[in-house]
Amino acid sequence: MSDTPSDQAFDPVLLAVLSNRMDAIVREMTNTLLRAARSAVIAMSRDFSCCIVTGDGELLATAEAAPVHVFGTHLQAQAMRELHPDLQQGDAFLHNDPYLGNTHPADHTLLVPVFCDGEHLFTAVAKAHQADIGNSIPTTYHAAARDIYEEGALIFPCVRIQRDFRNVEDIIRMCRRRIRVPDQWYGDYLAAIGAARIGERRLEALAAQYGVTTLKAFVRAWFDYAERRVVQEIRRLPAARLENTTCHDPIPGVVPDGIPIKVKLEIDPVAAMIDVDLRDNPNCLPCGLNESMACAINNAMTGVLNCLDPDIPHNAGTFRRIRVQLRENCVVGIPRFPHSCSVATTNVGDRLVNATQSAFAGIGDGWGLAEGNTALTSGCAVVSGRDARHGERDYINQMFLMGGGGPASPSSDGWINLLIPVGAGLLYRDSIELDEQKYPILVRSLKLIQDSGGAGRYRGAPGTEVVYGPRLRPMRVVSAPDGWRTPPRGVNGGNDGTTSADHVLRADGSETKVEGFINVELAPGEFIRGRDCGGGGYGDPLEREVSRVLNDVRERWISRRQAETVYGVVFRDDERTLAVDEAATDEARKRLAAARG
Amino acid sequence: MRYRISIDTGGTFTDAVVADATGILAIGKALTDPERNFAGVQAAIADAAGQIGHDLRELLAATDVFIYGTTRATNAIVTQRTARTAMLLTAGFPDILVYRQGGKLRPHELNVDYPAPYVPRHLSFEIPERIDAEGNIVTPLDEARVAAVLDELATLDIEAVAVCLLWSIANPVHERRLGELIAARLPGVACTLSHALNPVLREYPRASSTAIDASLKPLMQAQLRLLERNLAQSGYTGDILVSASVGGVMHVEDMIERPIYLVKSGPAMAPVAGLSYAQLESLGQDVVVVDTGGTTFDVSLVRDGQVSHTRETWLGGLYTGHLLGMGSVDVRSIGAGGGSIAWLDDGGLLRVGPQSAGARPGPACYGGGGSEPTVTDAALVLGYLDPAYFLGGRMALDAAAARRVMTPIAARLGKSIEDTALAIVTVANENMIKAIQEITVKEGFDPAAAILVAGGGAAGLNILPIARALGMPRVLLPRTASALSACGAHFSDIVREAGASRYATTADFDFAAVDAVIDRLERELDGFERALAARGLTGFSRTLAVEARYAGQIWELEVALQGGRLRTAADVARLVEDFHREHERVFAVRDPDNPIECIHWRARLTAPLPRGAQQPGSDGYRSGTPGARGSRTAYFGVLAAAPLEAAVFHGGDLKPGDRVTGPAIIEEPTTTLVVYPGTTARVTPYGHYLCELA
C-alpha cells in the first residue's frame, strides 16, 4: 500500500478539510439523536452511535461513536444493498438482525441510503439501544434465553421503514403493538430517523459543493491515510505470538460452568499486520450470551486499538491491517440461528476486549492494558413497573447509575466511569434527580468504593456501589452481571480489582445475594445494591510513586492499611497532616519484596 | 464632555476603550500585570487618555460609566488558584463532582489519568438528610452531625463552603438551615447554596456551579473591592459595572454576591459588539462573531437579534473539565490563532495546532526564538503582513526566519515554501470553519444567511476564505477589531435573570401553579428593577422563557413565551406550536400528537445603559478609489495560481465610501485586512470595512 499510495494525487489539504467535514456531520447526527430522544438509555446515557458508510459498504467516518456499535456497520450496509436492489432516495431501513450484521436485537439500526447525482454514494447510519424491543421478559439483555424464540425480540432483517421520506405505517404499527411503552419507542425512532436524515442533507450538500468525483477520490485517499497510520504504529511493535484466556462467570441454571474464552494474537511488524484468532472457542450455547458476528469482530478490534495510538482514525482503511478470524457456530464467532445474541454487546464482549488488551501486556512491561470492570450490575438494570404519581403510567428503561472501574495502563491509573470495556467510557451517567423525576424510584446512595481498584504501579479505577428501590408500587429489575467470581485481572505484577456483587435488601434488614442473572421484583421499601468491579492494576505496587499513594490515601481512594500492607508506604502518626515516613517506607517496601521470595 | 470607559483584562493585554456620546474615541493597550491588576488597567486607560489629549485623572473625573471585564475568574478556575473550598452534599452521594456526567472524547484512549474533581474528596462532606422528587422530607436534617462537620471545617482553614443537596430545588429547607448554621459557626467564610444560586434540575451541573461560585468568592470579591478603592483614589466617583457571562453587565455589588457570573466576563461581550456593529450598519439580525487572538479563536452567534446562550459551558475541556452549570453566552473557544504551530503527523497529514507558540517564544518571525512554523509565519511568507509595518510599525518581523522554519515541512510535502504556507493557512482556516459550523450548522442555523463580524488582531488575515467556505457573502471587520470585547461593553445592557424549576405538562396544564411561579420570578425582577430605578435607570424590558421537552424526552429546548404569561388555553396552544417549530428546526422532526413538558422557567430583566448614538464619519461620504501606499507580492492559492501584486493601503488614508478591490491589503495600527481576489472591501459610513464576496 504505502508503496503505491493512491492518495499522492489527492491534495492533502483537501483531505484534511473533507475528513473534518465528515466527522462534523457525524457529530451533528449524534447531537440530534441525543437531544431529541425519549428514553434515558439513549438521551441521557448516550447508548447509541452514528456513522457514515460508503455506498459500497465501507465504514468511513465515526467521530466519537462507540466502537461496539459502528465497527461492523459495513455488514449491515451490505445486507441493505443485497436485499434491496430497488434502493432509492427517500428510503430508510430498520435493521436489528444479529444474523445479518447487527450487533444485538436491542440495537435498532436505521440506514438511510444517500444519493448524489443519482448514485448511492453513502449510507447514513444511526444505531440506538432501545429501552425495550418486545422481549419475552422486560429486559433488552435476556441472558437466560435458550434461543431467539425464548428471547422473543421482534427481529427486522433490514426492513424498509420509510419510502419517499414517509413511514411505512405497517412496520410502525407492528412495533407499537409489541414494544413496551410504545410512545417512548416511537419518540426514539423519530429522533433516530431525524439524525439519519440530517446526515443525508449534509452529505448531499457536501457532494453539491465538491462534486461526486472528488468525494470518491477523497474516500480512497482517506482509507489509505488511515492505513498508513496503523502501519506505522504496528511497525513500532515487537513481533509476537500471544495467547490469553479468560472466562465469563457461570450463570446458575443457564451456563453452570461459565464460558471459557481464548484469544490468540499474532503481531507481525514486518508485514504490518495484527491477527486475532478466535476460532478455538466453544460452539454457540443455549443462552443469550453468544456474540453476533459484528460484536465478535468489533470487540476484538477494540482490544487491539486500545493498545495503539488513539489518534489513528478508525475506518475501513485501519481495519485492513487488523484481521479477526472467526468460525461459524462459535460463541465468539458467527452465530448459528436460532441461538440467541441478546447480550452480545456486553458480557462475553467485555471479556473479549479485556482478554485482547491484556494479551498485549504479554509483550512486556510498557505494553497493553490491565482488565476493566465486566459487571453490568443492578445499577445498569432494565427496570419496569407502573408510576402511581402519574396515573399508573407504565415505564421501562435501562438505568445508568454505575461507575465501572477502568483498567490501569503503563502510564496512568484506571478511568473512573469506564462503565464496561465495550462502553469505553463514552456513555453518559444518569442524573439521580432526573431518574427520580421520570421513574418512581429512590436512590439511597451512589459512591465509589475504597480499596476496590487493583493495586499496581498504576492503580485500577475504583468500582461503584449504588443502592436504589421502588416507591409506591413494585418494580421489576433485570440484569446479567458478570465479574462476580472472576475479577478484572491486573497485569505485569499489578493486582486484580475486586469482584462485583448484587444484593436484594429486604425491608426486614435481610440481604439476598444474586449471582449471574437478576430478575427480581422489589416491593416499596425494598432496595437492590449493586457493586461493580474495580479495574486491574498495572505493574508492581511496590514501584508506585509514593506521592501517588499519599494522594490516594488523602483522597480516600485507598485506606491507610492498604497503603501500608500492599504498597509499603508508611505514614507518620500525626492526626492533622498526612505525611509519609520515608525511611519506614523504604524498609517496608524491602521487607514486602523479600517476603515474596 | 462626559466619557464612558470599558476595560477588558486579558491574559496578555489589557484593553481600554473610551467613548463619548458620539461613539468610540480611543483604544488604549497595556500589558496585563497579573500581580498588580490595577497597574495594567491604569496604563491602558492612560494610553487611551493620551490619544484624546487628557491624563488619567482628568479622564476619570470626566467619566460617568466604567465597565470592567476580566478573564481572571476563568483563569483562576483553569489554573486551580481559587479559594480552599469545602463541599457539603447529601449523605450517600459524596462523589457527584468526581463522576461529573460521564462521557469522553476518544474511545481508545485509556492511558490518561482521570481528572481530579473541582473540590477534592477530602474536603467533601456528607450531610445526613434527604428530600424526594416531590419535595417531601425522606430523612430530616441531622443537626448534630452538621455541627460536627462545621467544627471540623473550622480546623481546616476553609475559605469557602459550597452546599448542594439533592432536590433542594423542590424544597430548600435543609439548604437554608445549613446556610444559617454555617454563617453562625464559620463567620467570614464565603458560602453558596445551590438552590439560591442556580435552581436547576440535575445534581451535577447544580453542584458544579455552586462549587465554582463559592471558590471564586474570596479572590474575586477582594479583587473587585480593590478595584473600587483604586478607582476612587484615582478620582472616579461613578458607578462601576462588570461584564457578566450572561452577555450583559451587572453592578459591582451584585457581582460580589455571585462571582460565577465573572466566568467569560470579557469574551461574552464580543457577540454584543458584533450585534451592535451589524445593527449600526443595517446588516441584519443574524450575526456570526469571531475573535481571533494569538492562541484562541472564539466564536459566538446572534440569532434574530438575540445573542445565543448555552447551559453547556465546560471550563478546562469537554467532559473532563468542570461544567459551569449556568446559562452563559455561548462562546466556543478552540486552540487556533496566529501562534498555532503547523506539523506533520506520521501519516503525512498536515496539522495546525492545538499547540501554540504563544507570546513567548512567539512565531518565528517575532525573532523571540520560535523554531516551529506558525500561522503568523505563513501569513508573512504569503505577503499578507508587512515586516516593517506590523502593529503600525511598533514591531519588526523577521521574514527570513519565517521561511527557514517552514523548510522542513515543505521538503516533506514536496511543495514550495509559498505553497506550504498556503497549506498551513488553509488547514488553520479549516479548524476555524469547523468551529463556526459547530455553533451554526450543528444548531440548525444556516451561516449563509448571516453577516460575519470578525474581531481580534489576526482576524483580517484569513477571514475572507473562511467566509467563502461557509458560503457567507458578507464580512464586517470593525476598525476597532483588535478590542472587540471591550468595545462590546459599550453597547451592553444591564441584565438580571431569575429562574425556577416547576414541572407542568400541556396535556393537563396547571395554570395556577405556573402563574404562581412566574409571579415569584416577576417579583424578584421587581426588586432588581426598583434598585436600578433608584440609580436613575429607565427603559426596562422583560422577557419570559421556558425550557421544555416532549413528554418523556430528557433534554429541554428553550422557547420564548412570545405572548407573556400563560393564562388561557390559547396561550398554551401558542407555546405548543412554538415548541413544535423549534424542535423541527433543530432536530428535523416534530411529534405533533405529543404533549409538552415544561421544566424550568426563566425571566430576564434588561435595562439599557445610557449610550450615545454612533455618528457616521464626519469627513463626509465619498465614492471613489483611494490612493495606495504601494504594493507587494502576495499568494492566494486556488483563487490565483500565480502570485499577484496586491495594492497596500493604510487605513488612515481611507474614507467612508472608499472601495478597495482585491487583491489588496489594508493595514491598520492594530490589525490587517487581506482583501482576497474576487472580493471588495468598502469603508462604511461609520468607518468600518464591509467585505463582499463575489
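Shape descriptor for segment B:161-311: Rg over Rh equals 1.05 (Cα atoms; Rh from the Kirkwood inverse mean 1/r). Set against the 2.2 N^0.38 Å expectation for a compact globular protein, segment A:442-597 has a Cα radius of gyration ratio of 1.27. For the pair A:Leu592 and A:Arg485, a Förster radius of 30 Å applied to the C-beta separation gives a FRET efficiency near 0.60, rounded to the nearest 0.05. Could you calculate the FRET efficiency of A:Arg163 with B:Ala116 from 1/(1 + (r/R0)^6), where r is the beta carbon distance between them and R0 is 51 Å, rounded to 0.05? About 0.45, to the nearest 0.05. The Kirkwood hydrodynamic radius of segment A:18-138, based on inverse pair distances between different Cα atoms, is 14.6 Å.
Working value for segment A:123-217: equivalent-ellipsoid semi-axes of 33, 15, 12 Å, each the square root of 5 times a Cα gyration tensor eigenvalue, largest first. With 5 Å bins beginning at zero, the pair-distance distribution over Cα atoms of segment A:545-595 amounts to 5, 23, 34, 25, 10, 3, 1 %. Checking every one of the trypsin sites (Lys or Arg not before Pro) in segment B:371-416 against DSSP loop status and a limit of 16 other Cβ atoms within 10 Å picks out B:Arg394. For B:Lys29, a cut-off of 13 angstrom between C-alpha atoms picks up these aspartates and glutamates, skipping any fewer than 8 places away in its own chain: B:Asp8, B:Asp15, B:Asp47.
Computed from the C-alpha gyration tensor, the three semi-axes of the ellipsoid equivalent to segment B:1-151 are 48, 22, 15 Å, from longest to shortest.
Measuring from a point 7 Å past the Cα of A:Ala205 along Cα-to-C-beta, which residues in segment B:456-481 have an amide N at less than 13 Å? Under 13 Å, as judged by backbone N against the label point of A:Ala205, lie B:469-472 of segment B:456-481. Approximating the spin labels as points 7 Å out from Cα along Cα→Cβ, the B:Ala534-to-B:Ser416 distance works out to 7.1 nm. The relative contact order of segment B:340-427, computed from alpha carbon pairs under 8 Å that lie at least 6 residues apart in sequence, is 27 percent. Couplings 3J(HN,Hα) for segment B:260-265, derived from phi with the Karplus relation 6.51 cos²θ - 1.76 cosθ + 1.60 (θ = phi - 60°), are 4, 5, 7, 5, 6, 4 Hz, where x marks Gly and Pro. Computed from backbone phi with θ = phi - 60° and the Karplus coefficients 6.51, -1.76 and 1.60, the 3J(HN,Hα) list for segment A:18-31 is 6, 5, 5, 4, 4, 5, 4, 5, 4, 5, 5, 4, 4, 4 Hz; x is used for glycine and proline.
Panel note: the C-alpha atoms of segment A:290-417, placed on their principal axes, show extents of 59, 40, 24 Å (largest first). Normalised radius of gyration (Cα atoms, divided by 2.2 N^0.38 Å) for chain A: 0.98.
Working from Cα pairs under 8 Å separated by at least six residues, relative contact order for segment A:369-539 is 32 percent.
The mean number of partner chain beta-carbon atoms within 10 angstrom of a residue's beta-carbon across peptide A:456-465 is 1. Based on a Kirkwood Rh over C-alpha pairs, give the Stokes-Einstein translational diffusion coefficient of segment B:82-216 at 10 °C and viscosity 1.306 mPa s in µm²/s. It comes out at roughly 104 µm²/s. Each 10 Å bin from 0 upward holds the following percent of the Cα-Cα pairs of segment A:369-539: 13, 39, 30, 14, 4, 0. Local charge for B:Gly383 was computed over the other residues whose Cβ lies under 13 Å away, with Lys and Arg +1 and Asp and Glu -1, and equals -3.
Taking amide H as placed 1.01 Å from N in the peptide plane, B:Phe13 has its amide H under 5 Å from the amide H of B:Thr32, each at least 5 places away in sequence or on another chain. Let a ≥ b ≥ c be the square roots of the eigenvalues of the Cα gyration tensor of segment B:351-492; is it rounded (a/c under 1.5), or, if not, prolate (a/b larger than b/c) or oblate? It is oblate, given that a/c is not under 1.5 and a/b is not larger than b/c. For segment A:6-226, the spread of Cα positions along the three principal axes, ordered from largest to smallest, is 56, 31, 31 Å. Projected onto their three principal axes, the Cα atoms of segment B:340-427 cover extents of 41, 23, 19 Å, largest first. For B:Thr79 and B:Arg225, FRET efficiency with R0 = 22 Å and r from the beta-carbon atoms, rounded to 0.05? Result of the calculation: an efficiency of 0.50. Scaled to the globular estimate 2.2 N^0.38 Å, the Cα spread of the protein assembly as shown, given as radius of gyration, is 0.93.
Dividing the helix sum by the residues of chain A, where each DSSP H run of 4 or more adds -39500 (n - 2.57), gives a mean residue ellipticity at 222 nm of -9000 deg cm²/dmol. At q = 0.09 Å⁻¹, what log₁₀ I(q)/I(0) does a Debye calculation on the Cα points of chain B give, no solvent, two decimals? Result of the Debye calculation: -0.84.
Using DSSP to call loops (not H, G, I, E or B), can you name the GluC sites (Glu not before Pro) in segment B:81-176 whose Cβ has at most 12 other Cβ atoms within 10 angstrom? Here no GluC sites (Glu not before Pro) fit, given the DSSP loop and packing criteria. Karplus-based coupling profile of segment B:40-45, in residue order and whole Hz: x, 4, 4, 5, 5, 5, with θ = phi - 60° in 6.51 cos²θ - 1.76 cosθ + 1.60 and x standing for Gly or Pro. Summarising the overall dimensions of segment B:493-608 from its C-alpha atoms, the Rg and Dmax are 15.3, 50 angstrom. Taking a ≥ b ≥ c as the square roots of the eigenvalues of the Cα gyration tensor, segment A:142-270 is oblate, since a/c reaches 1.5 or more and a/b is not larger than b/c. Backbone N atoms of segment B:169-206 closer than 15 Å to the 7 Å Cα→Cβ label point of B:Thr139 belong to residues B:174-175.
Relative contact order, whole percent, for chain B stands at 11, derived from Cα pairs under 8 Å and 6 or more residues apart.
No lab work stands behind these numbers, since they all come straight from the coordinates. For clarity, every value in this text was computed on a predicted model and none was experimentally measured. As a convention, Cβ positions derive from the backbone with ideal geometry for all residues, glycine included, and neighbour counts pool all protein chains shown.
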